[in-house]
Amino acid sequence: MNTTEWFDVVNERDEVIGRAPRGEVHGRRLRHRAVHVLVFNARGQLFLQKRSQQKDREPGVWDSSASGHVDAGEDYDAAAVRELQEELGVRAHAPPERWFKLEACPETDQEFVWVYRLRHEGPFVWPPEEIEDGAWFDPAVVSRWVRQQPGVFAQAFRHLWAEVERRGLASRAATPQALR
């Protein structure tokens with residue numbers, strides 16, 4: 001069985017220009033695609049996951065509710081639905097709401113990232129090889145925590161959360177579209 005992950009390689013306009021295996025994409029720092037889904041409950045709390053110690057990149061740090069690469073030939077919306085299922089056991093019948101897009105940069109590991117938001121109350125079921133723990137946090141607590149202890153968060157999440165704050169979205173995060 002071939003377990004090599006393949007990603008679309010993209011140019012500076014996020015247009016597909018080729019395909020390469022994961023190791024090559026990361027090793028050569030090629031532009032590629034990813035999704036992050038931020039899940040909020042009815043009280044406006046954000047669910048964060050703590051990455052498993054078994055992960056090859058950034059083990060044991062806090063990250064978005066669900067996130068992952070967009071596979072070769074896949075689009076952002078399909079990847080968001082897939083990641084919700086794989087990481088949290090959430091079966092979405094439609095893609096969550098697109099919230100904003102991040103440009104590929106060193107902070108995102110050269111990933112163009114669509115950030116989605118979703119309202120969901122849980123419970124969640126996650127694979128232990130992917131996620132060590134998960135918990136709900138008030139956005140204001142997340143903001144303080146990221147400022148005070150940035151090293152306990154994944155780099156892309158820190159960049160993403162800074163954009164949430166820059167756009168003034170943290171206070172409006174409590175009203176995302178409900179899961180259909």
Within the range 87-134, track down each residue that is of a type in the set (A, V, I, L, M) and under 23 Å from Gly168 (Cα atoms). Leu102, Ala104, Val113, Val115, Leu118
Failed criterion for Leu38 (all others in (1) more than 26 Å from Asp138 (Cα to Cα); (2) buried (at least 16 other Cβ atoms within 10 Å of the Cβ) hold): (1)
Arg57 vs (1) modelled with pLDDT of 95 or more; (2) within 18 Å of Thr108 (Cβ to Cβ); (3) basic (Lys, Arg): all pass except (1)
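Residues that are touching a Pro at 6+ places or on another chain (Cβ under 7 Å), among the aromatic types (Phe, Trp, Tyr) and within 17 Å of Asn41 (Cα to Cα): does the range 123-132 have at least one? Walk me through it before giving the result.
Initial filter on the range 123-132 (touching a Pro at 6+ places or on another chain (Cβ under 7 Å)): none.
No: the range 123-132 contains no residue that is touching a Pro at 6+ places or on another chain (Cβ under 7 Å), among the aromatic types (Phe, Trp, Tyr) and within 17 Å of Asn41 (Cα to Cα).
Being over 13 Å from the mean Cα position of the chain (by Cα), crowded, with 17+ Cβ neighbours inside 10 Å and modelled with pLDDT of 95 or more narrows it down to one residue among Phe124, Phe112, Phe153; which is it? Give the steps one after another, and end with the answer.
Details: Phe112 fails: over 13 Å from the mean Cα position of the chain (by Cα); Phe153 fails: over 13 Å from the mean Cα position of the chain (by Cα).
Just one listed residue meets the conditions, Phe124.
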In this structure, is Arg19 in contact with a Phe, Trp or Tyr (Cβ under 6 Å, 6 or more places away or on another chain) and either surrounded by fewer than 15 Cβ atoms within 10 Å (Cβ to Cβ) or not hydroxyl-bearing (Ser, Thr, Tyr) (or both)? yes
Among the residues of the range 83-95, are any small (Gly, Ala, Ser), crowded, with 19+ Cβ neighbours inside 10 Å and closer than 20 Å to Ala20 by Cβ? no
Tell me which of these Ala79 doesn't satisfy, since it passes every other one: (1) touching a residue at least 40 places away in the same chain (Cβ under 8 Å); (2) of a type in the set (A, V, I, L, M, F, W, C); (3) over 24 Å from Arg166 (Cβ atoms); (4) surrounded by fewer than 17 Cβ atoms within 10 Å (Cβ to Cβ). (4)
Here are the criteria: (1) on the phi < 0 side of the Ramachandran plot; (2) surrounded by fewer than 18 Cβ atoms within 10 Å (Cβ to Cβ); (3) touching a Phe, Trp or Tyr at 6+ places or on another chain (Cβ under 8 Å). Tell me which single one Asp63 does not satisfy. (2)
Among helices (runs of 4 or more DSSP H) entirely inside the range 75-180, those with 3 or more residues being touching a helix residue (DSSP H, G or I) at 6+ places or on another chain (Cβ under 9 Å) are 139-148, 155-166
What number of residues within the range 60-74 satisfy the criterion of being within 15 Å of Glu129 (Cα to Cα) and either modelled with pLDDT under 95 or assigned to a loop (DSSP other than H, G, I, E, B) (or both)? 2
Tabulated pairs, the range 1-28, first small (Gly, Ala, Ser), second part of a strand (DSSP E or B) and modelled with pLDDT of 95 or more, C-beta under 6 angstrom, 6+ apart or interchain: Gly18/Val9; Ala20/Val9
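The values are calculated or read from the model by the stated rules, or taken from the named source; none is laboratory data. Just so it is clear, the model here is predicted, and its values are computed rather than measured. No Cβ is skipped: glycine too gets one built from the backbone with ideal geometry, and neighbour counts run over all protein chains shown.
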